[in-house]
Every structure is written in C-alpha cells, then in structure tokens.
Amino acid sequence: MALVKDKTDFRKRLALIESLRVTPRPGSAEALRYLACHDFVYEVRLAAWSAAVRQGIALKKPLARPRYALFTERLIARIKKICAYLGECYYSCWATLLAILTGG
C-alpha cells in the first residue's frame, strides 16, 4: 500500500497498476479503487479505472480536468504570491516610517 500512496513518480504507480492487472493479488481491488479515485495524475486514474473494470470492479470513469481550471489555479497562485509580497512591503514601509517618527 506504500507504493499506492507514493507521490514521487507516477510511472511507479503505472507499473504497479500494470502488475496488478496481469496478476491480481489480495488487496489489489482496494489499491485500484484508491488510485482510480484519489490520484492526482489523470493517466494513473484512467489506468487504474481500466484495470478495475477488467477485474469486475464497478467504478465511475475518471474525468479529465479542463485546461481552464489548471490555468485558473496557476493564475490564482501567482496572484496570492504577489499579494503576499506587496503586503510584506507595505508592512515593512510602515514599520520603518513608524520607527523614524517615534525616534526608535
């Protein structure tokens, strides 16, 4: 189960799915169910779903996320970074000005 939750390399999870497809083991249904529902790589979710369907496990086909959703998430992350930077600059300017005015 450790390899199922390993998020370092999706190719390892694809190889695991292929091995579970060829030779089903105890607990393989649970592993395929987890990968098909919770993995963040679409190719892994799709491979796990197809392997689960071949073994007779009923699952919904995973949906690919639209490109605009990925673009929007990246844009929001950049805006958050910029706002955090501007907030730090604003705070440091006011702290410096306050120190100058109070003589501290």
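The values are calculated or read from the model by the stated rules, or taken from the named source; none is laboratory data. Being a predicted model, the structure only gives us computed values, none of them experimental. Glycine also receives a Cβ, built like all others from the backbone with ideal geometry; neighbour counts cover every protein chain displayed.
Which ones in the range 19-50 are closer than 18 Å to LEU63 by Cα and either outside any helix (DSSP H, G or I) or among the hydroxyl-bearing types (Ser, Thr, Tyr) (or both)?
Across the range 19-50, the qualifying residues are TYR34, ASP39, PHE40, VAL41, TYR42, SER50.
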Could you identify the single residue in ARG25, ARG13 that is among the basic types (Lys, Arg) and under 23 Å from the mean Cα position of the chain (by Cα)? ARG13
Given the conditions (1) in contact (Cβ under 8 Å) with a residue 12 or more places away in the chain; (2) surrounded by 12 or more Cβ atoms within 10 Å (Cβ to Cβ), report the number of the one that ASP6 does not fulfil. (1)
Can you report the number of residues in the range 29-44 which are surrounded by 13 or more Cβ atoms within 10 Å (Cβ to Cβ) and touching a Lys or Arg at 6+ places or on another chain (Cβ under 9 Å)? 10
So, LEU63, is that one surrounded by fewer than 10 Cβ atoms within 10 Å (Cβ to Cβ) and out of contact with any helix residue (DSSP H, G or I) (no Cβ under 8 Å at 6 or more places or on another chain) or not? yes
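Here is a yes/no grid of residues against (1) assigned to a loop (DSSP other than H, G, I, E, B); (2) modelled with pLDDT under 90:
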| site | (1), (2) |
| --- | --- |
| LEU14 | no, no |
| ILE17 | no, no |
| VAL53 | no, no |
| LYS61 | yes, no |
| ALA84 | no, no |
| GLY87 | no, no |
| TRP94 | no, yes |
| ALA99 | no, yes |
